[in-house]
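One structure below.
The values are calculated or read from the model by the stated rules, or taken from the named source; none is laboratory data. For clarity, every value in this text was computed on a predicted model and none was experimentally measured. Note: ideal-geometry Cβ built from the backbone for every residue, glycine included; neighbour counts use all protein chains shown. Only protein heavy atoms, including side chains, enter the accessible area calculation; ligands, DNA and RNA are left aside. Shrake-Rupley method; radii C 1.70, N 1.55, O 1.52, S 1.80 Å.
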Amino acid sequence: MYPLEGTGPLGPILPDHPSEFVVGIVLFFIIFFVIWKVIMPRFEKLYDERTDTIRGGIERAESAQHEAEVALSQYRARLANAEEEAAQIRDEAKKAGVAIQADMRAQAQDEASRIVSAARVQIDAERSEALESLRKDVGSMATTLAGRILGEALDEDTRVRRTVDSFITSLSKDAPQK
Amino acid sequence: MAYPGFTLLEGDVPQFGVSAFDSRPLFPSQGWQTCHAATADVPDWCATWQPTWTDIWITNHIFQAVLGAIIVIAFWLIVTNKMRVVPSKVQWAGEYVYNMIRNGVARDLIGPNYHKYVPFLVAMFSFIIINNLFGEFFLTMFPTFAKVGFAWGLALLTYILYNAVGIKKHGLLGYLKLMTVPAGVKFPIILLIAPLEFFSNFITRPITLGLRLFANLFAGHLLVMIFVVGGTWLVTYTNNNPLYNVTGVVSLLFSFAIFALELLVAYLLAYVFTILTASYVAAAEADSH
C-alpha cells in the first residue's frame, strides 16, 4: 500500500474507517447542543439587556428633556402671567389713584361747598338776627335818643313803630342787595 | 510498514512523513504493534489481521477531534461566563466571534428567520476552525479535517439540514421544484436545466462541501510536510554537495511562509464552510430563485 492511497476504489477521499465519520458527527452534535441550549441564550439575553439599557438610557434622556421643556414652558407662562398681572395691578392702581383723586376732589368740593353754605346760612341767620336786634334796639335807642333830644317821651307806640319802620325801610333800600 | 517505490533518491531515504496521515491508536493492541512495526518483515498473519476496536476508535486523530470539541465548548463557556452589558476583554472576544457568524453570516444570508440557525452555524465554524488550527499547533501538528471522514460527517449534516429546511417549508415536491426549476425558464429549456440543477443542488453541493474542506487541509498539510520533512532531510543529507543542504535551509525557511498561509487557510475554510451552509439554507428557505 502506498501512503495516502486510501483503501477503497475512491482512494483517499474515502475514510479509513467509519469511526472518523461517526465521531465527527457526534462531536458536532455535542457542540451544537451546548451552543444551542447554553451559549446562545446567554448571548441573546445579553443583547436584549444591552438593547434595553441603551433604549432605557435614550428614553430617560428624552423624558428628562421633555420634563425640562415642560418646566421651561411653565416657567415662561408663569413669567408672562406675572408680567400681565403686574401690568394689571399697575393699571388698576393708576385707575384707583385717579378715582381716589377724583373722589377726594369731589369730597373736598362738597366739603367746601358745605362749609360755604353753612357759613352762608349762619351769616344769613346772624344777619337776620342782627337785623332783628337792630330793628328792635335801633328803634328803642333812636326813640330814646330822639326823646332825649326832643325832651318828650315818645311813648305812643304806634306812632313810634311807624316812624322806625319807615326809617329802617329806607335804610334797607340804601343797603346793598344780597 | 514498508513502502515499495519510496527510494527515489539515492541512498538510504528515511521514511518519516510517509505515514503522517495515518491514524495511530493511542493504546495500540499487541497485533497492531506487531503488524505496524517499522521493519520490513512482518509476520504472515498480518495479512488477515483485523485491528481491535480500540485501534480504530481511540486514535490520535479522534482524540484530537474530541480535544477540539472540548476546547470549543470550554471557549464558549468561558467567554460567556459572566455576561456584562459593558463587556470584559474576554467577553468581547467571544462576542466578536459570535457576532461574526450571527450577524455577518446568518443574518445577512438567511434573513429574518436566521435566529434558529445560529447555533448550528456557530458550532460549525468553531468546530472547524479549532480543528484546522490543530494543523499549526505544535503538539498536534495535524489538521483534523485532513482525515476525510470528519469532513464528510459535517458535509452530511449540512446536506441534511438544508434539505430538511426546504422540505419542511415547501413540501417535498415544492422543494424539488424550487431546487430544479429556476423561475422564468420556459418549457423546452427546463428539460435541459432541471437535471443540471438537480445534479448541482443535490449531488455536487455536499460533495464539494466536504471535499473542499478535506482537500485544502490535506494539501496544506502535505505542503507543510514536504517543506519541513524534505528540508530536514536535505539539511542532514551528506553527499559532498552543499547545494542539497542550502536547498534544505531555504526549504525550512520557506516552511514558515507556508505555515502563515495555512493559518489563513484554516480560518478561510471554516468561514467558507459556514457561509456555504448558510447560503444553502437560505436557498432552501427562499420563496423562489
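Side notes on the structure shown:
- Within the set B:161, B:172, B:157, B:176, the sole residue that is crowded, with 19+ Cβ neighbours inside 10 Å and part of a helix (DSSP H, G or I) turns out to be B:157.
- Selected residue (only one of A:148, A:105, A:120 is modelled with pLDDT under 75, surrounded by 10 or more Cβ atoms within 10 Å (Cβ to Cβ), part of a helix (DSSP H, G or I) and of a type outside the set (S, T, N, Q)): A:148
- Flag if residue B:208 is closer than 30 Å to residue B:160 by Cα, open to solvent by 50 Å² or more (accessible area, probe 1.4 Å) and of a type in the set (Ser, Thr, Tyr): yes
- Cβ pairs under 9 Å, 6+ apart, first in the stretch B:227-256 and at pLDDT 85 or above and open to solvent by less than 50 Å² (accessible area, probe 1.4 Å), second among the hydroxyl-bearing types (Ser, Thr, Tyr) and part of a loop (DSSP other than H, G, I, E, B): B:245/B:236; B:245/B:237; B:245/B:238; B:248/B:236; B:248/B:237
- For the stretch B:46-79, the candidate set comprises residues that are of a type in the set (Phe, Trp, Tyr), more than 8 Å from every other protein chain (Cβ to nearest Cβ) and open to solvent by 70 Å² or more (accessible area, probe 1.4 Å); within that set, the residue that is farthest from residue B:139 (Cα to Cα) is B:53.
- Residue A:97 open to solvent by less than 50 Å² (accessible area, probe 1.4 Å), within 14 Å of chain B (Cβ to nearest Cβ) and small (Gly, Ala, Ser): no
- Residue match in the stretch B:224-244 (condition: of a type in the set (Phe, Trp, Tyr) and part of a loop (DSSP other than H, G, I, E, B)): yes
- Filtering the stretch B:27-59 to residues that are in a helix (DSSP H, G or I) and more than 19 Å from residue A:21 (Cβ to Cβ) leaves B:30, B:31, B:32, B:33, B:34, B:35, B:44, B:45, B:46, B:47.
- Flag if residue B:184 is surrounded by fewer than 18 Cβ atoms within 10 Å (Cβ to Cβ) and outside any helix (DSSP H, G or I): yes
- Hits in the stretch A:49-78 - residues which are facing chain B (nearest Cβ under 10 Å) and open to solvent by 90 Å² or more (accessible area, probe 1.4 Å): A:52, A:54
- The set of residues in the stretch A:26-37 that are within 7 Å of another protein chain (Cβ to nearest Cβ) and either of a type in the set (D, E, K, R) or surrounded by fewer than 18 Cβ atoms within 10 Å (Cβ to Cβ) (or both) comprises A:30, A:36.
- Qualifying residue in the stretch B:157-171 (condition: under 24 Å from residue B:59 (Cα atoms) and not charged (D, E, K, R)): yes
- In the stretch B:80-101, the residue that is nearest to the chain's Cα centre (by Cα) out of those that are assigned to a helix (DSSP H, G or I) and facing chain A (nearest Cβ under 9 Å) is B:98.
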